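**Q** Attaching a single structure in structure tokens format; questions to follow.
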Amino acid sequence: MLQAPPTRPTLLIRLRGARDEEAWRQFVELYAPAVFRMCRRRGLQEADAADVTQEVLRSVAAGPLQYDPQRGSFRSWLYGIVRNKVHDFLQHRSRHPSGTGDSGMLELFQNVPDAKDEAQRWEQEYQQRLFSMAAEKVRAVVDDSTWQAFWQTAIDGRTAREVAQALGMSEGAVYVAKSRVVARIKRQVNQIEGNQQ
Amino acid sequence: MNNIASHTRDVSSPGSACLSDGQLNALLDELQVTPLQSALVAHLDQCESCRIRLETSAADQQQWSAVRHNLRCSGSGENQESARLTAAIAALCEPTEFDLTCAGNIPCQGETLSLPPDQIGIYKIVGQVGRGGMGVVYKAFDPTLQRHVAIKRIAEFLLEQPGALERFRREARAVAAIQDPHVVSIHSIEDSGPHPFLVMEFVEGLSLAEWLRRSGRIGWQDVARIGAEAAAGLAAAHAAGVIHRDIKPANILVDQATGRVKISDFGLARMLDDGSHTQTGLVRGTPEYIAPEQAAGDPIDHRADLFSLGSVLYAACTGQPPFEADNVMAVLRRTRENRQRPIAEFRNDIPQPLVQVIDRLLSKNPDDRFATAGEVADVLLRIQRGEDVRIEKPSRVVVSHSSLRFILKIAALVALAVGIGVGGIYARAALLQDDDGQPQSAPQAAADAGKASDSDNAAIPAPTRVQIVKPDDLLRERIRAEKDELELPRHPLLVREFIGHTGPVNSIAITPDAKQLISASGWPTGDRSVRVWELASGKELHQFDTAAMPKNHGDSGEREAPGEFFTVAVTPDGQQAVTGATGGAVCVWSIASGELIRQFEKHTATVYDSAISAKGDVVLTGDRSGMSRLWNLSTGAELMQLSGHKSWIRCVAISPDGKRALTGSYDKTMRLWDLERSEMIREFKTQQNWIWDIAFAPSGNVAACVSGRTVQLWDLESGELIRSLAVGDSGTGVDISADGRLVIAGSYDGKVRLWDIDSGELLETYTGHRDWVWSVKFSPDGEHALSAGGGRYTATGGMEPGVDFAIRQWKLPAVPPRVAKPK
């Protein structure tokens, strides 16, 4: 796996600078899905998960600078924030039942996934999001046969010859296509992560 | 990547050579196969080793598998985005929903420390109950004693000072020794780990601050009872040698079950004080409630707590602290100098003895307060019971002049607000007008730069080296400081920066030969200098000898400090400059020598703007009393008074032919005057906003003015509004280019915007100023514009000089040709 470097606090400062809308957008796109899914796994309904996601990301960008890079990566810090927010949310819920028979709320507390497992999922989802954002960008600039050659060989695991026949290209061209796409995805990943620093 | 190569035939073609590394990389870099590369691709059809090399130079094995793994999962459909998530992302990216530009609005929420804990020590965290000044407070469960406790973690940055941890320990021990029903007890101090924390009694209930927020004011019996119990708690603490130092409504808790009052955060404020800070007069405590001696940075004793208790009880009666203002300096000054508004002006149901107790607690001189907290507790208890109590008046009564002024001013302000009847619009104006707190001290920046040496010091009080630090503000200030350190991208049209001023620059002027730039610094807390610069090099040539200027011969209001310059204008011959300053000082200077030539001594209030006619014979000035005066430049004789504006005149201008003048005011009107016949020609009413600056177009028939967040172009003949151009925040200075093509304006958002007058098209937004922009001017060379500024809102809503006092010179962009239109 690509070892993602820890996010440096300069990103947070840039987000606060309000000038960097692009950085903000990317930040949201990168982290929102992971935050959302973590909320869902903790048993929040979709609407609530969406609310918590918005709240968390906003507070991270707008709140006081709290992240200390020396204590670990930005992602693990954010993970802690999400966990806390979800916890607060559930607790608030249990104290103020919404009147729709929310008796299951207490169970939600017991429903907490294993911490190690959850952290792992968090990291996985971040990585997936990172790579699919990168892939989307690459896909937008290569032609479809190039993309297909890449996808079918590198992701679906079909042989170059099969794919070459199916797509009507030479085997050499399939190799070139998939290598090009991978090289580009790699570069995009580095770039997104670089932006996020 | 282990099986990719295995599917290929191991055939090497003798006819084609293997690819060089350069060729491989070139293949990867292209998007399409170029004709030249087809031979290479053909080679790859057969050569397995080159295929492997190609794959490896695209990405290493780990990276290949990371790509495969992550994309396979994300493409599997398991993680299909829910519509809710998509909507949430869209909402977050919506810029209108997310405005970070104002640091003052940053909510303090969430965690101070990096990882929100599930458990601290042996204590299971139940939830966060608040954020004290020193750190986060959690509700937690003590499994051994089976009870709830409050855990306060000390924010790390507070422990950065040397010795802080030791002070924390010492103080916490002292507080833990206080055993009183009215003091939140400290169960234990855990300071062995990296994050020291306190385990305290958990009080289920609400703070007096919340109570006040909910109900506005409190019945007098409750006020007396709260006061009595808090005083009892203080008495116990004082007996143990602990001064609280930060008594405020938020630190007074009311137990839900028993109604009992408990004081929290004891001594913690003190723990943060270290010797070095005390020496420089750094004050800790919540400004609205601290004692005057604390505000002055003087040594304090237990009676400072009594003053704060008085402030708290005053707030409980009236719903507001006795000394309020929009910035810390102003609060401090009022605390030291002003007398609080009588409680009777708020409500008349408070028994006289209770009012007297509060007034006496609020005595400026500690000797005039009660001697001990115990005495206060006793008296308040008796008042609560309805006993007849006589409160002796303190032997000395000090009513300062400023308090009288303050009351008059409040009355005037109230009258103004009522008279105008529009609160909203005046929100900003009030901020600006009622800014009692501009420190009447030499500007800190100048002092730091070692420039506060000359005769200035005789007339100006020594710098007030008092700084109030509310911990939440500390965080905000930290963010701001980090932002201040950030390098901004250099705007491509930035020519140079003129660095030298140590305070906001409010006005600039350029000599007609486009060789020199004159800049004047004033407010907020400007360096009060007027400087001459060489435009071509950005070098500072010299400063005007401002020591010769009268300091404050008229009314400065309470807003401006003496000697602050608001305007500078240059004569057409480029030899002299006219400045306007606090208190109505209007001075004519020799630019070359920097010497004062003469003064125009009629204005009695701060002069905000000045203009010199194209012929150089007359000068027009406008002041904050609403008076504008026309002067003979060379004799100093007053020629005309343009009166009628109902509020401050913020800007004046003389038409290119010298026959007419414009004045703009906080009364939201712009007036056009006939200088030959000495009469007003027309009044222009803007919508709901003050006029900040005005410029004539070279034709003299059109003028641009800044009003609120717009730049407005007016047809002076018909009185019609031609066009309104938007700026990001309140607009400030405006100018029209000599060819009449362009209009430029500054804004509180720090940006300088340039438009095509004909089309209203925004041609350029110059970015680079970090704080407010005050003054913008086109250079007479027709190629450049200059802008200057400084000052900003503090994290808490007051005002401060900020960090950026550079004057910037910008290149004008290429402008499309004008389009002549048929009538």
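The values are calculated or read from the model by the stated rules, or taken from the named source; none is laboratory data. Keep in mind that this is a model prediction, so the values were computed, not measured. Glycine also receives a Cβ, built like all others from the backbone with ideal geometry; neighbour counts cover every protein chain displayed. Calculation scope for accessible area: heavy atoms of the full protein, side chains included, ligands and nucleic acids excluded. Shrake-Rupley method; radii C 1.70, N 1.55, O 1.52, S 1.80 Å.
**Q** Got a number for residues in the range B:137-157 being modelled with pLDDT under 70 and either among the charged types (D, E, K, R) or buried (at least 20 other Cβ atoms within 10 Å of the Cβ) (or both)?
**A** Filtering the range B:137-157 down to residues modelled with pLDDT under 70 leaves B:155-157.
Retained after the next criterion (residues that are either among the charged types (D, E, K, R) or buried (at least 20 other Cβ atoms within 10 Å of the Cβ) (or both)): B:155-156.
Residues flagged as modelled with pLDDT under 70 and either among the charged types (D, E, K, R) or buried (at least 20 other Cβ atoms within 10 Å of the Cβ) (or both) within the range B:137-157 amount to 2.
**Q** Residues that are at pLDDT 75 or above, open to solvent by less than 60 Å² (accessible area, probe 1.4 Å) and either facing another protein chain (nearest Cβ under 9 Å) or assigned to a helix (DSSP H, G or I) (or both): does the range B:11-20 have at least one? Before you say what the answer is, go through the steps one by one.
**A** Filtering the range B:11-20 down to residues at pLDDT 75 or above leaves B:17-20.
Pick out the ones that are also open to solvent by less than 60 Å² (accessible area, probe 1.4 Å) and you get B:19-20.
Now narrow it down to the ones that are either facing another protein chain (nearest Cβ under 9 Å) or assigned to a helix (DSSP H, G or I) (or both): none.
Looking for residues that are at pLDDT 75 or above, open to solvent by less than 60 Å² (accessible area, probe 1.4 Å) and either facing another protein chain (nearest Cβ under 9 Å) or assigned to a helix (DSSP H, G or I) (or both), one finds none in the range B:11-20, hence no.
**Q** Select from the range B:61-87 the residues that are more than 9 Å from chain A (Cβ to nearest Cβ) and over 50 Å from the mean Cα position of the chain (by Cα) and write down the one among them that is modelled with the lowest pLDDT.
**A** Within the range B:61-87, the match that is modelled with the lowest pLDDT is B:Ser76.
**Q** Go through (1) modelled with pLDDT under 80; (2) at the interface with another protein chain (Cβ under 7 Å from one of its Cβ atoms) and name the single condition B:Leu54 misses.
**A** Checking B:Leu54 against (1) modelled with pLDDT under 80; (2) at the interface with another protein chain (Cβ under 7 Å from one of its Cβ atoms), the one that fails is (1).
**Q** Working only within the range B:711-727, note down all residues that are in contact (Cβ under 8 Å) with a residue 24 or more places away in the chain and open to solvent by less than 50 Å² (accessible area, probe 1.4 Å).
**A** Within the range B:711-727, B:Val711, B:Gln712, B:Leu713, B:Trp714, B:Leu716, B:Gly719, B:Leu725, B:Val727 meet the criteria.
**Q** Considering (1) open to solvent by 40 Å² or more (accessible area, probe 1.4 Å); (2) of a type in the set (S, T, N, Q); (3) touching a residue at least 12 places away in the same chain (Cβ under 8 Å), say which one B:Ser185 fails and leave the rest.
**A** Of the numbered conditions (1) open to solvent by 40 Å² or more (accessible area, probe 1.4 Å); (2) of a type in the set (S, T, N, Q); (3) touching a residue at least 12 places away in the same chain (Cβ under 8 Å), the odd one out for B:Ser185 is (1).
**Q** Which of the following residues is more than 8 Å from chain B (Cβ to nearest Cβ), among the acidic types (Asp, Glu) and closer than 22 Å to B:Glu48 by Cβ: A:Glu162, A:Glu136? I'd like the intermediate steps shown before the answer.
**A** On the way: A:Glu136 fails: closer than 22 Å to B:Glu48 by Cβ.
Selected residue: A:Glu162, the only one of A:Glu162, A:Glu136 that is more than 8 Å from chain B (Cβ to nearest Cβ), among the acidic types (Asp, Glu) and closer than 22 Å to B:Glu48 by Cβ.
**Q** Report the residue count in the range B:501-528 for those that are more than 22 Å from B:Tyr793 (Cα to Cα) and part of a loop (DSSP other than H, G, I, E, B).
**A** Counting residues in the range B:501-528 that are more than 22 Å from B:Tyr793 (Cα to Cα) and part of a loop (DSSP other than H, G, I, E, B) gives 5.
**Q** Answer yes or no: is there a residue in the range B:227-236 that is touching a residue at least 60 places away in the same chain (Cβ under 8 Å), open to solvent by 50 Å² or more (accessible area, probe 1.4 Å) and charged (D, E, K, R).
**A** no
**Q** Residues B:Ser610, B:Ser590, B:Ser634, B:Ser643: which one is within 22 Å of B:Ile518 (Cα to Cα), out of contact with any Asp or Glu (no Cβ under 9 Å at 6 or more places or on another chain) and surrounded by fewer than 16 Cβ atoms within 10 Å (Cβ to Cβ)?
**A** Values: B:Ser610 fails: surrounded by fewer than 16 Cβ atoms within 10 Å (Cβ to Cβ); B:Ser634 fails: out of contact with any Asp or Glu (no Cβ under 9 Å at 6 or more places or on another chain); B:Ser643 fails: within 22 Å of B:Ile518 (Cα to Cα).
B:Ser590 is the lone residue from the list that is within 22 Å of B:Ile518 (Cα to Cα), out of contact with any Asp or Glu (no Cβ under 9 Å at 6 or more places or on another chain) and surrounded by fewer than 16 Cβ atoms within 10 Å (Cβ to Cβ).
**Q** Here's another thing I want to ask about it. Go through the range B:333-387 and give me each residue that's more than 16 Å from B:Pro321 (Cβ to Cβ), polar (S, T, N, Q) and not in a loop (DSSP other than H, G, I, E, B).
**A** B:Gln352, B:Gln356, B:Gln384, listed by residue number.
**Q** Go through (1) among the hydrophobic types (A, V, I, L, M, F, W, C); (2) assigned to a strand (DSSP E or B); (3) open to solvent by 10 Å² or more (accessible area, probe 1.4 Å) one by one and return the number of the condition B:Ala745 breaks.
**A** Of (1) among the hydrophobic types (A, V, I, L, M, F, W, C); (2) assigned to a strand (DSSP E or B); (3) open to solvent by 10 Å² or more (accessible area, probe 1.4 Å), only one is false for B:Ala745: (3).
**Q** For the range A:54-79, what are the residues that are at pLDDT 80 or above and either over 16 Å from the mean Cα position of the chain (by Cα) or among the acidic types (Asp, Glu) (or both)?
**A** Once the filter is applied, which keeps residues that are at pLDDT 80 or above and either over 16 Å from the mean Cα position of the chain (by Cα) or among the acidic types (Asp, Glu) (or both), the range A:54-79 yields only A:Glu55.
Condition check ((1) at pLDDT 90 or above; (2) open to solvent by 60 Å² or more (accessible area, probe 1.4 Å); (3) assigned to a helix (DSSP H, G or I); (4) in contact with a Gly (Cβ under 6 Å, 6 or more places away or on another chain)) across all residues:
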residue	(1), (2), (3), (4)
A:Ile81	no, no, yes, no
A:Leu106	no, yes, yes, no
A:Glu136	no, yes, yes, no
A:Ala177	yes, no, yes, no
A:Gln191	no, yes, yes, no
A:Gly194	no, no, yes, no
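**Q** A follow-up question, please. Might you let me know whether the range B:772-788 holds any residue that is within 14 Å of another protein chain (Cβ to nearest Cβ) and acidic (Asp, Glu)?
**A** Looking only at the range B:772-788, we keep the residues that are within 14 Å of another protein chain (Cβ to nearest Cβ), and these are none.
No, the range B:772-788 contains no residue that is within 14 Å of another protein chain (Cβ to nearest Cβ) and acidic (Asp, Glu).
**Q** Of all residues in the range B:728-742, which are open to solvent by 20 Å² or more (accessible area, probe 1.4 Å) and either more than 14 Å from B:Asn689 (Cβ to Cβ) or in a strand (DSSP E or B) (or both)? Please lay out each step first, then the result.
**A** Taking the range B:728-742 as the starting set, the residues that turn out to be open to solvent by 20 Å² or more (accessible area, probe 1.4 Å) are B:728-729, B:735, B:738-739, B:741.
Scanning the range B:728-742 gives B:Gly728, B:Asp735, B:Ala738, B:Asp739, B:Arg741.
**Q** In the range A:151-159, is there at least one residue being among the aromatic types (Phe, Trp, Tyr), within 9 Å of chain B (Cβ to nearest Cβ) and over 18 Å from B:Ala26 (Cβ atoms)? Please lay out each step first, then the result.
**A** Step one: filter the range A:151-159 for residues among the aromatic types (Phe, Trp, Tyr), giving A:151.
Remaining after also requiring within 9 Å of chain B (Cβ to nearest Cβ): A:151.
Then keep just the ones that are over 18 Å from B:Ala26 (Cβ atoms); that gives A:151.
Among the residues of the range A:151-159, at least one is among the aromatic types (Phe, Trp, Tyr), within 9 Å of chain B (Cβ to nearest Cβ) and over 18 Å from B:Ala26 (Cβ atoms), which makes the answer yes.
**Q** Would you pick out the residues in the range A:138-175 that are among the basic types (Lys, Arg) and either part of a helix (DSSP H, G or I) or buried (at least 20 other Cβ atoms within 10 Å of the Cβ) (or both)?
**A** A:Arg139, A:Arg161
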